[in-house]
1. Have a look at the DSSP beta bridges in the range 295-349 and tell me what percent are antiparallel, nearest 5.
2. Name the long-range amide H neighbours of residue 336: under 5 Å, sequence gap of 5 or more, or other chain; modelled H, no Pro or chain starts.
3. Going by average Cβ density within 10 Å per residue, which order do the peptides 251-259, 267-275 take, highest to lowest?
4. Please find, in a Gaussian network model of the chain (springs between Cα atoms separated by less than 10 Å), the residue of 157, 266, 402 whose mean-square fluctuation is greatest.
5. Before anything else, pin down the relative contact order of the chain: Cα pairs under 8 Å, at least 6 apart, normalised by residue count, whole percent.
6. So what are the ³J(HN,Hα) numbers for the range 56-63, from phi and the Karplus equation (6.51, -1.76, 1.60; θ = phi - 60°), rounded to whole Hz, Gly and Pro as x?
7. Hey, got the dipole for the range 308-424? About the Cα centre, +1 on K and R Cβ, -1 on D and E Cβ, debye to the nearest 20?
8. Residues of the range 376-412 with the amide nitrogen closer than 12 Å to a label point 7 Å from the Cα of residue 223, along Cα-to-Cβ, please.
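Bear in mind these aren't lab numbers, they're just calculated from the coordinates by the rules spelled out. The model shown is predicted, which means the values in this text are computed figures rather than measured ones. Using ideal geometry, Cβ is built from the backbone for each residue, glycine included, and neighbour counts are taken over all protein chains shown.
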Amino acid sequence: MTNTLLQTAREIHVELEARETTWEFAPGRTVTAWGYQGLVPGPTIVGRVGDTLVAHLTNHLPEPTVIHWHGLRLPALMDGTAAVQRVVQPGERFEYRFTLPDAGTFWYHSHANETVQIERGLYGALVVLGPDEPVFDADRLLVLDDLKLDRRGRIAKTALFDRHSGREGEVLLINGRSEPTFTIAAGQIERWRLVNACSARYVRLSLGGRPFRLIGSDGGLRTEPVLVTETLLTPGDRVELAVGPFDDEGAELAIESLPYRRTSMKRPRRDVWGTLRVGPRAPSVASIPTTLASIAPLVPAGPITPTRTVRLGARMTFHGHDWLINDEQHHHDVPVKVGELQVWDIVNETGMDHPFHLHGFFFQVIAVDGVPCAPTSWEDTVNVVGKGRVTIAFRPDDRPGKWMYHCHILEHHAAGMMAHFEVVR
């Protein structure tokens, strides 16, 4: 992970020029793309809790754009959507300035004409370090994306079918490169930070079936490490892993996604994203505590009474599908008050999974299909399976303004599965 920033007096300044660029995603294979600073993904931003990030966006695209800071608890006016700021026109500049309040793995991306601008490369990662981080032998960032090409090898235009199931590409990318190979020293433990920047692809992540520890999610570290052999990342999700130690020097493990049926319209399949090689043995200094974070439940044990129901739906139209929240496209929801506990039932009335994303606030998952569960992490994106229900809880702090929630399958968001609401004092 490369720190590409100039940091002076706890202010981090970064230039993010959005412009056309040539993206080489495999040796000798290039496409014309849009990137920040000519890079896909854009520059990795690294800061510490309490730092002030000052990001200067310059728009050299042929259309307006904005930057959304996905997962960050920032002022509403800095959230980077057309609802809270005037979009940045071609040739204009805009300064984002806000404090980094939470440690974790986040990302930034366009929130204007998303189905085109993110697909063409307008996204990047942001890592915020806390004062007492676990010790690892290495810290590795992996941004996952897929690329859909037409017959001429160019980035394909949006198709009608994409509106229904979401866009999935045939080229799988880690950090903007197809089929990369990474090396981990035998005996060492690395911290892997993964971001799913795909438009619609779900990633049921496996490392050749080897066990790894799940240590973090959208809102930073979990309460404790959990040993697993796979984990699901929906579009917009982040996850942090402790990978290793491995003893078999020379082994090659597939960084892969196992079959997952998020919609009946697509056959699930196993896909290989890259390769992890186990290199020569090296000493380890890793130290991972058994307790990583303390997360107090927002809702006490007992019956759960929702304060709001959010219904995810669809209707057939002459152009395929409209995607709905509470029976309308681009729903305007009622306000919530600062400090008041919110308990939302997210009900999926469709037969397809939807990743529900809340802007500006972390929430706890407190029940799945009506079965209560103890929160072990803070989230801003959660999967709601077809015909399923997820209950979340959050308490909005004193950051009034307009906020958004939506399905993070970009084509569903664009086709109406999103809503605005206000936080008021």
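1. The answer is about 60 percent antiparallel.
2. Those lying under 5 Å, H to H, from residue 336 are 422, 423, 424.
3. Highest-to-lowest ranking by the protection proxy: 251-259, 267-275.
4. Comparing 157, 266, 402 in the GNM, the peak value goes to 266.
5. Contact order relative to length: 14 percent.
6. After applying 6.51 cos²θ - 1.76 cosθ + 1.60, I find 9, 8, 10, 9, 10, 8, x, 8 Hz.
7. Around 100 debye, computed over the range 308-424.
8. 376-378
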